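Values in this text are rule-based calculations from the coordinates and carry no lab data. Here the structure is a predicted model, which is why all the values come from computation and not from measurement. Note that we place each Cβ from the backbone using ideal geometry, even for glycine, and neighbour counts take in every protein chain shown.
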Amino acid sequence: VQQFPLPLHKNSAGDTKASIAFTVLAEHIRAISFTIADGQLPSNTGAGYVIRRILRRAVRYYYSYLDYKQPLLHQLLPVIAKQFEAVFPELNAQLDFVSKVVKEEEDAFLRTVDKGLSMLNEALKDISGEEAFKLYDTFGFPLDLTKLVPAEKGLNLEEKGFEKEMQLQKNRSRSSAVLETPTWLTLNVIPYSKFFV
């Protein structure tokens, strides 16, 4: 943290991408750390999915706008725990655990970002909606990052194709949710039982 100071107690002045990234990190690390300390772990469903999305958004900001390519959020946790020790002592009490959870999430998503960026950097043509959706759906690679690389190379991303694939995925999800399965399954029917005393 000493080599990478962040204004965690107030919004940084200015509207440059870097200053916006600092503000996003400050806000997001509080949301992530308090919620994990309160018992909600990142996951692929429900409230855990919200935490994972918030964490990944923060990673995206420091990766893209601050050019910081290694886990950062977990380094900020001691500062947050100290600042809020009087009002939320639970974070300080669970600092090691929360730091471990956050770092594991950061490591996993940074690997995803590296893999997705290398795939995009190898592309010598416009990116189709299907390719963008595959990156999103299979690897969890965010669309806004998918847009950046082609734009830097003067290529295009077919967003309408991405939206179409996203809608198809939503329709598939709805269809599978509607399928009714019986709550009771009879395995073997026995007409009656005799008991002898």
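The gain in end-to-end length when the LEU66 to LEU143 segment is fully stretched comes to 25.8 nm, 0.36 nm per residue minus the alpha carbon separation.
Work out, step by step, the length gained on full extension between LYS153 and SER43: first 0.36 nm times the residue separation, then minus their alpha carbon distance; give nm to one decimal.
36.2 nm
For the pair ASP107 and LYS82, label points projected 7 Å from Cα toward Cβ lie 2.5 nm apart.
Any idea what the alpha-carbon Rg over 2.2 N^0.38 Å comes to for region 12-56?
That works out to 1.32 for region 12-56.
Of all aspartates and glutamates in the structure, those lying under 20 Å Cα to Cα from LYS147, and not within fewer than 8 positions of it along the same chain, are ASP67, ASP114, GLU122, ASP126, GLU130, GLU131, ASP137, GLU158, GLU159, GLU163, GLU165. The ratio of the alpha-carbon radius of gyration of region 35-83 to the globular-protein estimate 2.2 N^0.38 Å is 1.25. Which links in LYS17/LYS69; LYS17/LYS115; LYS103/LYS164 stretch past 26 Å when you go from one Cα to the other? Too far apart for the 26 Å limit: LYS103/LYS164. Model label points for PHE34 and ARG53, set 7 angstrom from Cα along the Cα-to-Cβ axis, are 1.9 nm apart.
When the alpha-carbon atoms of region 74-181 are used, the pair Rg, Dmax equals 19.7, 55 angstrom.
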